[in-house]
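Remarks on the structure that follows.
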Amino acid sequence: MRLLLTTSQGIEDLARAEVESLLSKLGVPFRVEEKPLGVEGRVLAEVGEAFYTDEKGRKRELSVATYLNERSRLLHRVIVEMASEGFEGIGEDEPEKALRRIEGFVASLPVERFVKVSESFAVRSFRKGEHKITSVDIAKTVGKVIFERLERFGKPKVNLDHPSVIFRAELIGETFFLGIDTTGDSSLHKRPWRVYDHPAHLKASIANALIELAEPDGGSFIDPFCGSGTIPIELALRGYSGRIICLEKYRKHLLGAEMNALSAGVYDRIEFILGDATKLSEYVDRVDFAVSNLPYGLKIGRKSMIPKLYMDFFGELAKVLEKRGVFITTEKKAIEKAIEENGFEIKHHRLIGHGGLMVHTYVIE
Ligand code: SAM
């Protein structure tokens, strides 16, 4: 089976490592590739059949897609590949021709093997690159062909709002892909614990990527601009045994973080402090790891305040940080100046896609 896995751009290597670690526990043969055909935000896993023994001692097939949906912290979607095809020159094709090519390809696929005619279905689509067709055109065309194919076996049911089966059709450059989206309409990064919605919250998948980059070893951990608590909560959910601190300047957000932690079942694992990160040393004498999604000034506060805020914060961080810090921001100039002038060294830098932007991520020591 081939699974197309989606995640944020820039963390494919971390998602691949997570998937490899999860699959190795199943004892099945597998091969995982990041950015298949150069497509960012995608990981491809080829996996053999997996089995488990039920309570009556019978050997049962285990759904690897369900296993990944339930356990992954870095993935957004798990899609079972039905077929993929390269359409040379489709970007220059007039709309009718491009859609005819897709139509002809999908019509040849044994769709009935993947969906029962009695189950309602919908097609969700995604398109990236230069084309004369839209993603809506693709969804309509693929939906029509699947409907016509299923009509041979009964009366197909389309339900665009609450389908039982979601087909996912993607055209990325010249590559067309059709699969069954086993995750459903709500991406895995939208965590069920989020009851307080901070206006600038971090995707939980990216929070986990930052935690991976920090490599916390059981030592004390702080998010000094914790907002709704995404990073501390995700760390606590991983079963982290060390001290976890969530510091936030605004009461409303800190209360939101507490509500989220309560809903996640990790309230008792986190220390919540109402305070100013530019006075960090007033709250903690020392801390091993600091990981944060810094204020960018786009959604919160004024942008002109950012350089001073970063300079003051990193000055305080230099007094207390023992091991490693990981920070994500759009403000490259301000953070690099604050990091360097306060005696830290940048050990790693990468860009991560978040909220339609490529955001700078730094590991510092
Ligand atoms: N990662 C968080 C989440 O997922 O909800 C969002 C963090 S948001 C980008 C930055 C947070 O820093 C905001 O909640 C803001 O109120 C807080 N903040 C701004 N200035 C601060 C300061 N001086 N000290 C502590 N927190 C501050």
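At q = 0.16, 0.19, 0.21 Å⁻¹, work out log10 I(q)/I(0) for segment 204-364 with the Debye formula, treating every Cα as an identical point scatterer and leaving solvent out; two decimals please.
Calculated log10 I(q)/I(0) at the listed q: -0.86, -1.27, -1.60.
Could you check the simple spin-label distance between Ala318 and Lys35, using points 7 Å along Cα→Cβ, in nm with one decimal?
Computed distance between label sites Ala318 and Lys35 equals 3.5 nm.
Net charge near Lys279: determine it from the other residues with C-beta under 11 Å of the C-beta of Lys279, scoring Lys and Arg +1 and Asp and Glu -1. Mind showing how you got there, number by number?
Details: positive: Lys249, Lys319; negative: Asp276, Glu282, Asp312, Glu316.
Net charge around Lys279: -2.
Could you check the spin-label model distance between His348 and Asn159? Points 7 Å from the Cα along Cα→Cβ, value in nm.
4.3 nm
If you take every DSSP beta bridge fully contained in the chain, what fraction is antiparallel? Give it as a percent rounded to 5. Don't skip to the answer; put the middle values down first.
Numbers: 44 of 70 bridges.
For the chain, the DSSP antiparallel bridge percentage is about 65.
Extension gain Phe51-Lys97, at 0.36 nm per residue separation less the Cα-Cα distance, in nm? Write out the running numbers ahead of the final one.
Working: separation 46, 0.36 × 46 = 16.56 nm, distance 4.42 nm.
Working it through step by step, the gained length comes to 12.1 nm.
Nearest 0.05, what FRET efficiency do Glu88 and Glu151 give at R0 = 30 Å with Cβ-Cβ as r? Don't skip to the end; give the middle numbers.
Details: r = 31 Å, r/R0 = 1.03.
According to the calculation, E is roughly 0.45.
Can you list the GluC sites (Glu not before Pro) in segment 1-64 that are in a DSSP coil and have 12 or fewer other beta carbons within 10 angstrom?
On the way: sites: Glu12, Glu18, Glu20, Glu33, Glu34, Glu40, Glu46, Glu49, Glu55, Glu61; in loops: Glu40, Glu49, Glu55.
Answer in residue order: Glu49, Glu55.
Pull out a ≥ b ≥ c, the square roots of the eigenvalues of the alpha-carbon gyration tensor of segment 1-145, then state rounded if a/c is under 1.5, prolate if not and a/b is larger than b/c, and oblate in the remaining case. Display every interim value, and only then the final one.
Details: a/c = 2.59, a/b = 1.52, b/c = 1.70.
Because a/c hits 1.5 or more and a/b fails to exceed b/c, segment 1-145 counts as oblate.
Give me the extension gain from Glu70 to Met305: residue separation times 0.36 nm, minus the current Cα-Cα distance, reported in nm with one decimal.
Numbers: separation 235, 0.36 × 235 = 84.60 nm, distance 4.13 nm.
Once the chain is fully extended between Glu70 and Met305, it gains 80.5 nm.
Among the DSSP beta bridges whose two residues both lie in segment 54-186, what percent are antiparallel, rounded to the nearest 5?
Details: 13 of 23 bridges.
Of those bridges, close to 55 percent are antiparallel.
Quick one: Karplus J couplings for segment 107-122, per residue in order, coefficients 6.51, -1.76, 1.60, θ = phi - 60°, nearest Hz, x for Gly and Pro?
Going residue by residue, I get 4, 7, 8, x, 4, 4, 6, 9, 9, 7, 4, 6, 8, 6, 9, 8 Hz, with x marking Gly and Pro.
Rule-based calculations on the coordinates, nothing more; no lab input. All of these numbers come straight from a predicted model, not from anything done at the bench. Note that we place each Cβ from the backbone using ideal geometry, even for glycine, and neighbour counts take in every protein chain shown.
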